[in-house]
Amino acid sequence: AIKAAIFDLDGVLVDTAHYHYLAWRRVAERLDIPFTEADNERLKGVSRSQSLEYVLQKGKESMHADEKREWAARKNAWYLEYLSALNESHLLPGARAYVAWLKKAGVRIGLGTSSKNAGVILERLRIQDWFDAAVDGSMVAQTKPDPEVFLKCAHLLHVRPECCLVLEDSTAGIQAAKNAGMKCIGIGDKHVLTEADRVVSGLQELLPSKEASP
Ligand code: BG6
Ligand code: MG
């Protein structure tokens, strides 16, 4: 039985995935590297530095470590600029109701995100108190698809991996959940998120009117 639900943040609970995309596209444009929404799928769920590696690979571009740090910082500054208007209205449909329903059913709630901006985002959305445990990009050495972030969260929740359900919008995140030995529901397009146990278009589809138990 499922005892814990571990949520990814960007693109699952909050509508920030598009801002990440816009910021990376801006980086790619400046570097004269072609960058499409399909390229962006590979970046979802992946750390900032690893995402930059993908962009550079796409453009067959090599760069010194200092320069990489500068571009990563620039990307984050643009991203934070897009985030400046973030508020509770950016919570994705069904997020609040689904988490409330899980809590009522006694399911523990975790956060498992690659983002180092998670603290700011949770604060803006006023949802810090939703989580029994939160693991973000500053607390792990390996990025998704490595299972570290989810295993760490399960450990903090005192729930065995096989009793955890992960909610993810990214291919890398779904692989991370499977690598952790967890169940995984993909949020998005079932033709893209083929490795998930099940795919829904949004958390609202998981609400109890349509589903009997977690
Ligand atoms: C993930 C996003 O949640 O966090 C990625 O899906 C992002 O797009 C990653 O690169 C790292 O985020 P940040 O906020 O630390 O740059
Ligand atoms: Mg995500």
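Residues in segment 3-25: is at least one away from ligand 1 (no atom under 15 Å from the Cβ) and either surrounded by fewer than 20 Cβ atoms within 10 Å (Cβ to Cβ) or in a helix (DSSP H, G or I) (or both)?
So far as segment 3-25 goes, yes, one or more of its residues are away from ligand 1 (no atom under 15 Å from the Cβ) and either surrounded by fewer than 20 Cβ atoms within 10 Å (Cβ to Cβ) or in a helix (DSSP H, G or I) (or both).
Residue 51 satisfies every condition listed in (1) within 13 Å of ligand 1 (Cβ to nearest atom); (2) hydroxyl-bearing (Ser, Thr, Tyr); (3) not in a helix (DSSP H, G or I) except (3). Out of (1) of a type outside the set (Val, Ile, Thr); (2) more than 9 Å from ligand 1 (Cβ to nearest atom); (3) part of a helix (DSSP H, G or I); (4) touching a helix residue (DSSP H, G or I) at 6+ places or on another chain (Cβ under 7 Å), what's the single condition that is false for residue 76? Single failed check for residue 76: (2). Only one entry in 168, 195, 162, 148 is out of contact with any His (no Cβ under 9 Å at 6 or more places or on another chain), farther than 17 Å from residue 45 by Cβ and of a type in the set (D, E, K, R), namely 162.
Within 15 Å of ligand 2 (Cβ to nearest atom), more than 26 Å from residue 119 (Cβ to Cβ) and surrounded by fewer than 18 Cβ atoms within 10 Å (Cβ to Cβ): does that describe residue 37?
Judged against the criteria, residue 37 is a match.
The residues of segment 98-123 include none that are in contact with a Lys or Arg (Cβ under 7 Å, 6 or more places away or on another chain) and in a helix (DSSP H, G or I). The lone criterion from (1) of a type in the set (A, V, I, L, M, F, W, C); (2) outside any loop (DSSP other than H, G, I, E, B); (3) over 16 Å from the mean Cα position of the chain (by Cα); (4) closer than 24 Å to residue 193 by Cα left unmet by residue 35 is number (2).
Among the candidates 160, 198, which residue alone is surrounded by fewer than 19 Cβ atoms within 10 Å (Cβ to Cβ), away from ligand 2 (no atom under 16 Å from the Cβ) and within 16 Å of residue 12 (Cα to Cα)?
None of the others qualify; the one that does is 198.
No other residue among 95, 72, 77 is loosely packed, with under 13 Cβ neighbours inside 10 Å, modelled with pLDDT of 95 or more and out of contact with any Phe, Trp or Tyr (no Cβ under 6 Å at 6 or more places or on another chain) apart from 77. Taken over segment 148-171, the criterion of being within 16 Å of ligand 1 (Cβ to nearest atom) and part of a helix (DSSP H, G or I) is satisfied by 148, 149, 150, 152, 153, 171.
Yes/no per residue for (1) in contact (Cβ under 8 Å) with a residue 60 or more places away in the chain; (2) more than 16 Å from the chain's Cα centre (by Cα):
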site: 119; (1), (2): no, no
site: 123; (1), (2): no, yes
site: 129; (1), (2): no, yes
site: 140; (1), (2): no, no
site: 143; (1), (2): yes, no
site: 173; (1), (2): yes, no
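Taking each residue of segment 65-86 that is under 18 Å from residue 13 (Cβ atoms) and looking for partners that are hydrophobic (A, V, I, L, M, F, W, C) with beta-carbon atoms closer than 7 Å, six or more apart or interchain, yields 79/23; 82/22; 82/23; 86/121.
The values are calculated or read from the model by the stated rules, or taken from the named source; none is laboratory data. All values derive from a computational prediction rather than experimental measurement. We place every Cβ from the backbone using ideal geometry, glycine too, and count neighbours over all the protein chains shown.
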